[in-house]
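The structure appears right after this line, and notes come after that.
The values are calculated or read from the model by the stated rules, or taken from the named source; none is laboratory data. Remember, it's a predicted structure, so these values are computed and weren't measured experimentally. Please note: Cβ atoms are built from the backbone with ideal geometry, for glycine as well, and neighbour counts cover all protein chains shown.
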Amino acid sequence: MMRVVVAMSGGVDSSVAAALLAREGHEVIGLSMQLYDHSASQPRGRARSGTCCTIDDLHDARRVATRLGIPHYIMNFERQFDEQDVSNFVQEYAAGRTPIPCVHCNGDLKFATLASRAGALGAPFVATGHYARVEKDAAGLYLLKRGVDPSKDQSYFLFTLTQEQLSHAIFPVGALEKSTVRELARELGLTVSDKPDSHEICFVADGDHASFLEGHGVRAAPGAIHDISGKVLGTHEGVHHFTVGQRKGLGLSSPIRLYVVGIDADRGAVTVGPREALERTELTASRVNWIAGTPPSPGARATAQIRHRHREAAVSILPLDDGRVAARFDEPQHAVAPGQAVVFYDGEVVLGGGWID
(Lines give C-alpha, C1' and ligand atoms only; values in the text may rest on other atoms or scores of the structure.)
Protein backbone atom coordinates (compact mmCIF):
# COMPACT_ATOMS: atom_id res chain seq x y z
CA MET A 1 0.00 0.00 0.00
CA MET A 2 1.19 3.52 -0.76
CA ARG A 3 -0.01 7.02 -0.03
CA VAL A 4 -1.09 8.83 -3.21
CA VAL A 5 -2.32 12.36 -3.81
CA VAL A 6 -4.92 12.44 -6.59
CA ALA A 7 -5.59 15.65 -8.51
CA MET A 8 -9.39 15.70 -8.50
CA SER A 9 -10.90 18.07 -11.05
CA GLY A 10 -14.47 16.95 -10.50
CA GLY A 11 -14.59 15.14 -13.83
CA VAL A 12 -15.16 11.46 -14.46
CA ASP A 13 -11.53 10.65 -15.33
CA SER A 14 -9.89 11.92 -12.15
CA SER A 15 -12.77 10.56 -10.09
CA VAL A 16 -12.28 7.06 -11.47
CA ALA A 17 -8.50 7.43 -11.04
CA ALA A 18 -9.05 8.07 -7.34
CA ALA A 19 -11.59 5.25 -7.07
CA LEU A 20 -9.29 2.69 -8.71
CA LEU A 21 -6.42 3.53 -6.38
CA ALA A 22 -8.70 3.40 -3.33
CA ARG A 23 -10.11 0.06 -4.47
CA GLU A 24 -6.56 -1.30 -4.72
CA GLY A 25 -6.10 -0.48 -1.05
CA HIS A 26 -3.90 2.60 -1.35
CA GLU A 27 -4.18 5.54 1.01
CA VAL A 28 -5.68 8.17 -1.27
CA ILE A 29 -5.82 11.91 -0.59
CA GLY A 30 -7.87 14.04 -2.95
CA LEU A 31 -6.62 17.52 -3.82
CA SER A 32 -8.53 19.98 -5.99
CA MET A 33 -7.08 23.20 -7.32
CA GLN A 34 -9.14 26.36 -7.47
CA LEU A 35 -7.52 28.08 -10.43
CA TYR A 36 -9.85 30.75 -11.74
CA ASP A 37 -12.79 32.83 -10.52
CA HIS A 38 -15.61 32.07 -12.97
CA SER A 39 -18.25 34.15 -11.19
CA ALA A 40 -18.16 36.96 -13.73
CA SER A 41 -18.82 34.62 -16.66
CA GLN A 42 -21.48 32.38 -15.08
CA PRO A 43 -25.12 33.40 -14.82
CA ARG A 44 -26.15 33.28 -11.15
CA GLY A 45 -23.04 31.32 -10.27
CA ARG A 46 -23.84 28.36 -12.48
CA ALA A 47 -21.07 26.66 -14.42
CA ARG A 48 -20.94 26.71 -18.17
CA SER A 49 -21.01 23.27 -19.78
CA GLY A 50 -17.79 22.06 -21.36
CA THR A 51 -15.53 23.90 -18.93
CA CYS A 52 -13.36 22.77 -16.04
CA CYS A 53 -12.15 24.14 -12.72
CA THR A 54 -15.45 25.80 -11.76
CA ILE A 55 -16.95 25.91 -8.27
CA ASP A 56 -19.43 23.23 -9.35
CA ASP A 57 -16.48 21.03 -10.35
CA LEU A 58 -14.96 21.45 -6.90
CA HIS A 59 -18.27 20.41 -5.34
CA ASP A 60 -18.38 17.36 -7.62
CA ALA A 61 -14.87 16.40 -6.54
CA ARG A 62 -15.84 16.68 -2.89
CA ARG A 63 -18.94 14.54 -3.40
CA VAL A 64 -16.83 11.85 -5.08
CA ALA A 65 -14.28 11.95 -2.27
CA THR A 66 -17.08 11.54 0.28
CA ARG A 67 -18.45 8.59 -1.70
CA LEU A 68 -14.99 6.98 -1.70
CA GLY A 69 -14.36 7.76 1.94
CA ILE A 70 -11.13 9.64 1.31
CA PRO A 71 -9.98 13.04 2.63
CA HIS A 72 -10.35 15.94 0.22
CA TYR A 73 -8.70 19.36 0.26
CA ILE A 74 -9.13 22.41 -1.97
CA MET A 75 -6.13 24.61 -2.66
CA ASN A 76 -6.43 28.13 -4.03
CA PHE A 77 -3.93 28.73 -6.82
CA GLU A 78 -5.66 31.60 -8.57
CA ARG A 79 -2.63 33.88 -8.24
CA GLN A 80 -0.19 31.30 -9.63
CA PHE A 81 -2.58 30.36 -12.43
CA ASP A 82 -2.98 34.00 -13.41
CA GLU A 83 0.79 34.57 -13.41
CA GLN A 84 1.73 31.39 -15.25
CA ASP A 85 -1.17 30.62 -17.56
CA VAL A 86 -3.51 33.55 -18.06
CA SER A 87 -0.69 36.08 -18.46
CA ASN A 88 1.11 33.85 -20.96
CA PHE A 89 -2.11 33.40 -22.92
CA VAL A 90 -2.62 37.17 -23.16
CA GLN A 91 1.00 37.92 -24.08
CA GLU A 92 1.15 35.22 -26.75
CA TYR A 93 -2.07 36.29 -28.48
CA ALA A 94 -0.97 39.93 -28.39
CA ALA A 95 2.25 38.84 -30.12
CA GLY A 96 0.33 37.11 -32.92
CA ARG A 97 0.96 33.61 -31.59
CA THR A 98 -1.49 30.84 -30.65
CA PRO A 99 -0.85 29.57 -27.11
CA ILE A 100 -1.92 26.33 -25.43
CA PRO A 101 -2.64 27.11 -21.78
CA CYS A 102 -3.45 23.46 -20.97
CA VAL A 103 0.22 22.49 -21.44
CA HIS A 104 1.44 25.17 -19.05
CA CYS A 105 -1.28 24.24 -16.57
CA ASN A 106 -0.61 20.50 -16.63
CA GLY A 107 3.17 20.56 -16.50
CA ASP A 108 4.27 23.87 -15.04
CA LEU A 109 1.52 24.26 -12.45
CA LYS A 110 -0.34 21.08 -11.62
CA PHE A 111 2.46 18.55 -11.56
CA ALA A 112 5.12 20.79 -10.07
CA THR A 113 2.78 22.13 -7.40
CA LEU A 114 1.05 18.88 -6.55
CA ALA A 115 4.34 17.00 -6.25
CA SER A 116 5.47 19.59 -3.72
CA ARG A 117 2.23 19.41 -1.75
CA ALA A 118 2.20 15.62 -1.93
CA GLY A 119 5.65 15.53 -0.39
CA ALA A 120 4.45 17.69 2.48
CA LEU A 121 1.64 15.17 3.04
CA GLY A 122 4.08 12.26 3.04
CA ALA A 123 2.81 10.98 -0.31
CA PRO A 124 5.51 9.91 -2.78
CA PHE A 125 3.12 9.75 -5.74
CA VAL A 126 0.75 12.06 -7.61
CA ALA A 127 -2.06 10.61 -9.72
CA THR A 128 -4.21 12.36 -12.31
CA GLY A 129 -6.97 11.38 -14.72
CA HIS A 130 -4.85 11.92 -17.83
CA TYR A 131 -5.05 9.41 -20.66
CA ALA A 132 -1.36 8.68 -20.73
CA ARG A 133 0.98 6.05 -19.28
CA VAL A 134 4.31 6.07 -17.50
CA GLU A 135 6.65 3.09 -17.51
CA LYS A 136 10.20 2.42 -16.43
CA ASP A 137 12.53 0.79 -18.96
CA ALA A 138 15.35 -1.69 -18.34
CA ALA A 139 17.87 1.13 -17.96
CA GLY A 140 15.79 2.80 -15.25
CA LEU A 141 14.53 5.58 -17.51
CA TYR A 142 10.95 6.76 -17.10
CA LEU A 143 8.95 6.72 -20.32
CA LEU A 144 5.86 8.80 -21.03
CA LYS A 145 3.59 6.89 -23.40
CA ARG A 146 0.34 7.52 -25.21
CA GLY A 147 -2.94 6.55 -23.59
CA VAL A 148 -4.46 3.30 -24.85
CA ASP A 149 -7.59 5.06 -26.12
CA PRO A 150 -6.37 6.95 -29.21
CA SER A 151 -9.41 9.23 -29.24
CA LYS A 152 -8.61 10.45 -25.71
CA ASP A 153 -4.80 10.32 -25.64
CA GLN A 154 -3.46 13.35 -23.70
CA SER A 155 0.28 12.71 -23.84
CA TYR A 156 0.61 15.75 -26.15
CA PHE A 157 -0.20 18.02 -23.19
CA LEU A 158 2.40 16.42 -20.93
CA PHE A 159 5.59 16.84 -22.95
CA THR A 160 7.05 19.29 -20.41
CA LEU A 161 7.27 16.61 -17.70
CA THR A 162 10.73 15.70 -16.45
CA GLN A 163 12.26 12.45 -15.25
CA GLU A 164 11.82 13.67 -11.68
CA GLN A 165 8.14 14.43 -12.20
CA LEU A 166 7.47 11.16 -14.03
CA SER A 167 9.09 9.22 -11.19
CA HIS A 168 6.23 10.41 -8.98
CA ALA A 169 3.43 10.22 -11.56
CA ILE A 170 0.60 7.69 -11.84
CA PHE A 171 -2.05 7.69 -14.58
CA PRO A 172 -4.65 5.10 -13.48
CA VAL A 173 -6.97 5.50 -16.49
CA GLY A 174 -4.25 5.65 -19.14
CA ALA A 175 -4.60 1.97 -19.95
CA LEU A 176 -8.40 2.17 -20.26
CA GLU A 177 -10.87 3.12 -22.95
CA LYS A 178 -13.06 6.13 -22.15
CA SER A 179 -16.19 3.96 -22.37
CA THR A 180 -14.70 1.66 -19.73
CA VAL A 181 -13.97 4.61 -17.45
CA ARG A 182 -17.60 5.77 -17.61
CA GLU A 183 -18.81 2.22 -17.03
CA LEU A 184 -16.59 1.93 -13.95
CA ALA A 185 -17.93 5.26 -12.66
CA ARG A 186 -21.50 3.93 -12.93
CA GLU A 187 -20.57 0.68 -11.19
CA LEU A 188 -18.97 2.65 -8.38
CA GLY A 189 -22.01 4.89 -8.03
CA LEU A 190 -20.13 8.09 -8.83
CA THR A 191 -22.45 11.01 -9.64
CA VAL A 192 -20.08 12.26 -12.37
CA SER A 193 -20.36 9.10 -14.50
CA ASP A 194 -22.19 10.91 -17.32
CA LYS A 195 -20.66 14.35 -16.83
CA PRO A 196 -19.55 15.88 -20.17
CA ASP A 197 -15.83 16.25 -20.86
CA SER A 198 -14.37 19.74 -20.69
CA HIS A 199 -13.43 21.02 -24.14
CA GLU A 200 -12.93 24.76 -23.80
CA ILE A 201 -10.18 26.92 -22.35
CA CYS A 202 -11.44 27.13 -18.79
CA PHE A 203 -10.98 30.87 -18.30
CA VAL A 204 -12.38 32.10 -21.64
CA ALA A 205 -16.14 32.56 -21.46
CA ASP A 206 -18.00 30.96 -24.38
CA GLY A 207 -14.81 30.76 -26.43
CA ASP A 208 -14.76 34.54 -26.98
CA HIS A 209 -10.99 35.00 -27.04
CA ALA A 210 -11.06 38.57 -28.34
CA SER A 211 -13.31 39.92 -25.58
CA PHE A 212 -11.27 38.15 -22.93
CA LEU A 213 -8.01 39.55 -24.30
CA GLU A 214 -9.37 43.09 -24.55
CA GLY A 215 -10.59 42.77 -20.98
CA HIS A 216 -7.02 41.93 -20.00
CA GLY A 217 -5.38 44.92 -21.59
CA VAL A 218 -4.86 43.87 -25.20
CA ARG A 219 -5.41 46.94 -27.36
CA ALA A 220 -7.75 46.59 -30.34
CA ALA A 221 -5.46 48.20 -32.92
CA PRO A 222 -6.84 48.27 -36.49
CA GLY A 223 -4.59 47.07 -39.30
CA ALA A 224 -4.50 45.76 -42.84
CA ILE A 225 -5.38 42.37 -44.23
CA HIS A 226 -3.42 41.62 -47.37
CA ASP A 227 -2.81 38.65 -49.62
CA ILE A 228 0.52 36.88 -50.11
CA SER A 229 1.43 39.28 -52.93
CA GLY A 230 1.02 42.27 -50.60
CA LYS A 231 -2.27 43.54 -52.01
CA VAL A 232 -4.54 45.03 -49.33
CA LEU A 233 -7.88 43.21 -49.23
CA GLY A 234 -9.43 44.76 -46.15
CA THR A 235 -8.89 45.86 -42.58
CA HIS A 236 -9.22 44.28 -39.15
CA GLU A 237 -9.73 45.42 -35.55
CA GLY A 238 -6.67 43.77 -34.04
CA VAL A 239 -4.37 40.80 -34.66
CA HIS A 240 -5.67 39.11 -31.50
CA HIS A 241 -8.81 38.21 -33.48
CA PHE A 242 -6.80 35.80 -35.66
CA THR A 243 -4.80 32.59 -35.59
CA VAL A 244 -2.79 30.92 -38.34
CA GLY A 245 -5.04 28.54 -40.26
CA GLN A 246 -8.23 30.47 -39.49
CA ARG A 247 -10.82 30.60 -42.28
CA LYS A 248 -14.00 31.96 -40.71
CA GLY A 249 -14.55 35.50 -39.55
CA LEU A 250 -12.16 37.17 -41.98
CA GLY A 251 -14.81 39.55 -43.32
CA LEU A 252 -13.51 39.27 -46.87
CA SER A 253 -15.20 38.55 -50.18
CA SER A 254 -13.18 36.24 -52.40
CA PRO A 255 -13.83 33.74 -55.21
CA ILE A 256 -11.63 31.24 -53.32
CA ARG A 257 -11.45 30.23 -49.69
CA LEU A 258 -8.89 32.29 -47.83
CA TYR A 259 -7.02 31.37 -44.69
CA VAL A 260 -4.79 33.29 -42.31
CA VAL A 261 -1.26 32.33 -43.31
CA GLY A 262 0.71 34.87 -41.28
CA ILE A 263 0.39 37.41 -38.46
CA ASP A 264 2.81 40.29 -37.89
CA ALA A 265 1.91 41.82 -34.55
CA ASP A 266 4.57 44.53 -34.79
CA ARG A 267 3.09 45.85 -38.03
CA GLY A 268 -0.50 44.95 -37.14
CA ALA A 269 -0.71 43.03 -40.41
CA VAL A 270 -2.62 39.85 -41.21
CA THR A 271 -1.74 37.88 -44.35
CA VAL A 272 -4.26 35.60 -46.03
CA GLY A 273 -3.94 33.13 -48.85
CA PRO A 274 -5.22 29.87 -50.33
CA ARG A 275 -5.04 26.64 -48.34
CA GLU A 276 -1.84 25.53 -50.06
CA ALA A 277 -0.08 28.64 -48.76
CA LEU A 278 -0.38 27.15 -45.26
CA GLU A 279 1.76 24.14 -46.07
CA ARG A 280 5.20 23.91 -44.46
CA THR A 281 7.86 21.20 -44.51
CA GLU A 282 10.07 22.68 -41.79
CA LEU A 283 9.75 24.35 -38.41
CA THR A 284 11.88 25.37 -35.47
CA ALA A 285 10.84 25.22 -31.84
CA SER A 286 12.28 26.63 -28.65
CA ARG A 287 12.19 25.79 -24.92
CA VAL A 288 12.36 22.12 -25.87
CA ASN A 289 12.06 19.47 -23.16
CA TRP A 290 13.53 16.06 -23.93
CA ILE A 291 11.95 13.62 -21.51
CA ALA A 292 15.00 11.38 -21.40
CA GLY A 293 17.03 14.40 -20.30
CA THR A 294 19.17 14.51 -23.44
CA PRO A 295 18.23 15.24 -27.09
CA PRO A 296 18.22 12.55 -29.76
CA SER A 297 21.10 12.40 -32.20
CA PRO A 298 21.01 14.77 -35.21
CA GLY A 299 18.91 13.33 -38.02
CA ALA A 300 16.97 11.04 -35.71
CA ARG A 301 13.71 9.84 -37.16
CA ALA A 302 10.44 10.26 -35.31
CA THR A 303 6.85 11.31 -35.77
CA ALA A 304 5.49 14.66 -34.68
CA GLN A 305 2.20 16.34 -33.86
CA ILE A 306 1.83 20.10 -34.33
CA ARG A 307 -1.60 20.17 -32.65
CA HIS A 308 -3.41 17.88 -30.23
CA ARG A 309 -5.74 16.44 -32.85
CA HIS A 310 -3.21 16.62 -35.67
CA ARG A 311 -2.33 13.33 -37.31
CA GLU A 312 1.27 12.44 -36.46
CA ALA A 313 3.68 12.86 -39.36
CA ALA A 314 7.14 11.47 -40.12
CA VAL A 315 9.95 13.89 -39.36
CA SER A 316 13.73 14.24 -39.07
CA ILE A 317 15.00 15.96 -35.92
CA LEU A 318 17.98 18.30 -35.64
CA PRO A 319 18.67 19.51 -32.07
CA LEU A 320 20.04 23.07 -31.98
CA ASP A 321 21.73 25.21 -29.36
CA ASP A 322 19.88 27.10 -26.61
CA GLY A 323 17.19 24.46 -26.10
CA ARG A 324 15.87 24.64 -29.65
CA VAL A 325 15.16 22.08 -32.34
CA ALA A 326 14.64 22.05 -36.09
CA ALA A 327 12.27 19.54 -37.65
CA ARG A 328 11.87 18.58 -41.29
CA PHE A 329 8.71 16.75 -42.33
CA ASP A 330 8.59 14.14 -45.07
CA GLU A 331 5.33 15.64 -46.30
CA PRO A 332 4.07 19.26 -46.07
CA GLN A 333 2.04 20.01 -42.94
CA HIS A 334 -0.98 22.29 -42.82
CA ALA A 335 -1.13 25.40 -40.62
CA VAL A 336 2.04 25.21 -38.55
CA ALA A 337 1.13 27.90 -36.01
CA PRO A 338 3.69 29.82 -33.93
CA GLY A 339 2.95 29.42 -30.23
CA GLN A 340 1.54 25.91 -30.60
CA ALA A 341 3.51 22.90 -29.42
CA VAL A 342 5.29 20.33 -31.55
CA VAL A 343 5.58 17.00 -29.77
CA PHE A 344 7.85 14.20 -30.98
CA TYR A 345 7.10 10.49 -30.65
CA ASP A 346 8.91 7.21 -31.13
CA GLY A 347 5.99 4.90 -31.57
CA GLU A 348 3.94 5.29 -28.37
CA VAL A 349 6.76 6.95 -26.46
CA VAL A 350 6.93 10.74 -26.11
CA LEU A 351 10.47 11.90 -26.87
CA GLY A 352 9.79 15.52 -25.97
CA GLY A 353 8.51 18.72 -27.47
CA GLY A 354 8.78 22.46 -27.64
CA TRP A 355 7.04 25.67 -28.68
CA ILE A 356 6.83 26.42 -32.39
CA ASP A 357 8.70 29.57 -33.43
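Of the residues screened, D153 is one that is under 20 Å from H310 (Cβ atoms) and without any contact (Cβ under 8 Å) to a residue 40 or more places away in the chain. Per the conditions (1) basic (K, R); (2) free of Cβ contacts under 8 Å to residues at least 40 places away in the same chain; (3) out of contact with any Lys or Arg (no Cβ under 7 Å at 6 or more places or on another chain), the sole criterion not satisfied by R182 is (2). Annotation note: of T235, T271, T243, the sole residue that is within 15 Å of G96 (Cα to Cα), part of a strand (DSSP E or B) and hydroxyl-bearing (S, T, Y) is T271.
Please find, within region 166-194, the residue that is surrounded by the fewest Cβ atoms within 10 Å (Cβ to Cβ) out of those that are assigned to a loop (DSSP other than H, G, I, E, B) and of a type in the set (D, E, K, R). Walk me through how you get there before you give the answer.
The initial filter retains those residues of region 166-194 that are assigned to a loop (DSSP other than H, G, I, E, B), namely 167-168, 171-177, 188-194.
Subsequent filtering for residues that are of a type in the set (D, E, K, R) retains 177, 194.
On the way: E177: 16, D194: 10.
Looking at the filtered set, the residue picked out is D194.
Scanning region 347-357 for residues being acidic (D, E) and within 15 Å of V148 (Cα to Cα) gives a total of 1. Checked against the criterion of being modelled with pLDDT under 95 and not assigned by TED's automatic domain parsing to the domain that holds E312, the candidates K178, K195, K145 yield just one match: K195. Does P150 count as surrounded by fewer than 20 Cβ atoms within 10 Å (Cβ to Cβ) and at negative phi? Spelling it out, P150 is indeed surrounded by fewer than 20 Cβ atoms within 10 Å (Cβ to Cβ) and at negative phi. Those helices (runs of 4 or more DSSP H) of region 59-138 in which 2 or more residues are free of Cβ contacts under 8 Å to residues at least 24 places away in the same chain occupy 87-94, 112-120.
When region 10-31 is filtered for residues that are surrounded by fewer than 24 Cβ atoms within 10 Å (Cβ to Cβ) and assigned to a loop (DSSP other than H, G, I, E, B), the ones remaining, listed by number, are G11, E24, G25, H26. Taking the stated definitions as given, is T162 out of contact with any strand residue (DSSP E or B) (no Cβ under 6 Å at 6 or more places or on another chain), within 27 Å of E312 (Cα to Cα) and polar (S, T, N, Q)? Yes; evaluated as a whole, the condition is true for this residue.
Can you confirm whether A123 is under 28 Å from V204 (Cβ atoms), assigned by TED's automatic domain parsing to the domain that holds Y36 and either at pLDDT 80 or above or touching a strand residue (DSSP E or B) at 6+ places or on another chain (Cβ under 6 Å) (or both)?
Numbers: under 28 Å from V204 (Cβ atoms): no; assigned by TED's automatic domain parsing to the domain that holds Y36: yes; either at pLDDT 80 or above or touching a strand residue (DSSP E or B) at 6+ places or on another chain (Cβ under 6 Å) (or both): yes.
The answer is no for A123.
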